[in-house]
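Written out below as structure tokens is the structure these notes cover.
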Amino acid sequence: MDQHTSKDTSVPCSGQLDRCPLPNEILQPLVVPALQAISPRAILQDDNAPPHHSAAVNTFIQLVNRMVWPANSPDQNPIEHMWDELCRRIQQHHPPPANLGQLLQWLQQEWNGVSRAFKCNLIHSMRQRCVEFLAHNGGHTRY
């Protein structure tokens with residue numbers, strides 16, 4: 001667990017994701033340096049959303065290793081389990097949010113409350129996720 005950074009950074013993006021200033025406000029100042037600090041071999045995993053593959057994004061992504069990821073496979077992405085956990089925590093600890101700002105605040109609060117062990121477990125599950133994904137010829141797995 002010591003090899004992973006304990007600093008979690010989230011950057012809310014208002015409006016449509018394809019208009020979000022992903023390269024200049026997220027990738028260049030946050031993602032690229034964080035991956036380079038982890039290891040020269042660190043691998044970025046995104047979810048194949050079209051904004052993640054724009055020409056502007058691809059310019060910055062050349063600075064890091066990017067996982068080749070099949071389309072339509074959210075069951076393989078561990079962030080989906082983190083979103084499930086955040087949803088459960090918000091529903092347990094909060095009334096419905098009054099507005100987007102309140103939801104973002106609660107998401108950040110609950111993200112910070114998720115144990116390091118839970119986050120590391122998701123990270124360390126990637127090898128087995130990939131093994132099962134290949135064994136099922138790209139089909140659904142228990143994840």
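The values are calculated or read from the model by the stated rules, or taken from the named source; none is laboratory data. All figures in this text were calculated on a predicted structure; none of them were measured in a lab. Quick reminder, even Gly has a Cβ in these numbers, built from the backbone with ideal geometry, and neighbours come from all protein chains shown. Please note that ligands, DNA and RNA were not included when accessible areas were found on the heavy atoms of the full protein model with its side chains. Shrake-Rupley method; radii C 1.70, N 1.55, O 1.52, S 1.80 Å.
Being exposed (fewer than 13 other Cβ atoms within 10 Å of the Cβ) and either touching a Gly at 6+ places or on another chain (Cβ under 9 Å) or part of a helix (DSSP H, G or I) (or both): is that true of Arg88 here?
It is true that Arg88 is exposed (fewer than 13 other Cβ atoms within 10 Å of the Cβ) and either touching a Gly at 6+ places or on another chain (Cβ under 9 Å) or part of a helix (DSSP H, G or I) (or both).
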If we ask which residues in the range 109-136 are loosely packed, with under 12 Cβ neighbours inside 10 Å and part of a loop (DSSP other than H, G, I, E, B), their number turns out to be 2
The residue that is most open to solvent (accessible area, probe 1.4 Å), considering only those in the range 40-68 that are in a loop (DSSP other than H, G, I, E, B) and touching a helix residue (DSSP H, G or I) at 6+ places or on another chain (Cβ under 6 Å), is Leu63
Does Gln128 satisfy being without any contact (Cβ under 8 Å) to a residue 40 or more places away in the chain, more than 23 Å from Trp69 (Cβ to Cβ) and out of contact with any Phe, Trp or Tyr (no Cβ under 7 Å at 6 or more places or on another chain)? no
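What are the residues in the range 97-108 that are surrounded by 14 or more Cβ atoms within 10 Å (Cβ to Cβ) and assigned to a helix (DSSP H, G or I), if any? Explain how you work it out, then say what you get.
If we filter the range 97-108 for residues that are surrounded by 14 or more Cβ atoms within 10 Å (Cβ to Cβ), which is where we start, we get 97, 103-108.
Scanning the range 97-108 gives Leu103, Leu104, Gln105, Trp106, Leu107, Gln108.
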If His81 satisfies all but one of (1) open to solvent by 50 Å² or more (accessible area, probe 1.4 Å); (2) within 28 Å of Val68 (Cα to Cα); (3) at pLDDT 90 or above; (4) out of contact with any Asp or Glu (no Cβ under 8 Å at 6 or more places or on another chain), what's the number of the condition it fails? (3)
